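Chemist: Please read through the structure below; I'll follow up with questions.
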Amino acid sequence: MSHKLVLATRNQGKITEFRRILDALAPGAIELIGVDQFPDLLDVEETGSTFEENSLLKARYTSQATGLPAIADDSGLCVDALKGDPGIFSARWAGEHGNDRANLEKVLDQLKDVADGQRTAHFMCVASLVLPDGRQQVAEGRFDGVILRAPVGENGFGYDPIFQPAGLSISSAQMSAEEKDLLSHRGKSLRALAPHVIHLLASLG
């Protein structure tokens, strides 16, 4: 028996990534659907001051609005030389929500005078599961690396083309999906959350 689980995002890249990771952890146990299947749902305003607060805001609203268990994540790029920015504002760093190219170009411009040894950064992801009865679980993952001086690679999305993971000589956008799932912030947070997802969904009968 598979359980329906709503992923609180319209980002097709995230939906593909979440589905791939959950299928690997629990084949056939979870039917993951996106909020695009619920046209009346509103976009949740991310008013929280942390990744966890925003993640829970989205998961709670989606679960209450659909009557189904919901997973949401909030993630972003935290650049040390920018004092942790863009952080929770990563998706709209250049002003327009979801304009990946403009966002990464703004980061590159902000770092143009920063020496190679000082371009450290990490991706952070907090994933939340909320059930219709109010039960919830949160997990986080971190992905360390450095910011490159120009975009490289065609895979992934967001800031992947300018992020070089620690210990590797390629960008996130040059990694295969399987490689990225093992190392990425989203993969780590989902793997930490997955046992709770499976357990809590099983409790629903």
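Bear in mind these aren't lab numbers, they're just calculated from the coordinates by the rules spelled out. None of the values given here were measured: they were computed from a predicted structure. Counting neighbours? That spans all protein chains shown, and the Cβs are built from the backbone with ideal geometry, glycine included.
Chemist: Could you put L111, L190, L77 in order, starting from the residue whose Cβ has the fewest other Cβ atoms within 10 Å?
Modeler: Going from least to most buried by this count: L111, L190, L77.
Chemist: In what order do H185, H196 fall by count of nearby beta-carbon atoms within 10 Å, going from fewest to most?
Modeler: Ordered by Cβ neighbours within 10 Å, fewest first: H196, H185.
Chemist: Here is a follow-up. Quick one: Debye curve from the alpha-carbon atoms of the chain only, equal weights, vacuum; give me log10 I(q)/I(0) at q = 0.08, 0.12, 0.14 Å⁻¹ to two decimals.
Modeler: The computed values of log10 I(q)/I(0) come out as -0.27, -0.59, -0.79.
Chemist: Additional query: Test of understanding: what is the full-extension gain from D116 to A24, defined as 0.36 nm times their sequence separation minus their Cα-Cα distance?
Modeler: 29.5 nm
Chemist: From the helices alone, meaning DSSP H stretches of at least four residues, give me the mean residue ellipticity at 222 nm for the chain, per-run term -39500 (n - 2.57), in deg cm²/dmol to the nearest 500.
Modeler: It comes out at -10000 deg cm²/dmol, rounded to the nearest 500.
Chemist: Distance cut-off 23 Å, Cα to Cα: go down the list K83/K106; K4/K58; K58/K180 and report the pairs above it.
Modeler: Working: K83/K106 15 Å; K4/K58 17 Å; K58/K180 25 Å.
Distance filter (> 23 Å) returns K58/K180.
Chemist: Of D116, D144, how do they rank once you tally other Cβ atoms within 10 Å and put the fewest first?
Modeler: D116, D144
Chemist: With just the Cα atoms defining each centre, how far is segment 140-185 from segment 72-101? Give it in Å.
Modeler: With segment 140-185 and segment 72-101 each reduced to a Cα centre, they are spaced 15 Å.
Chemist: Please work out how much length the chain gains when fully extended from R149 to H199, using 0.36 nm per residue of separation minus the C-alpha to C-alpha distance, in nm with one decimal.
Modeler: 13.6 nm
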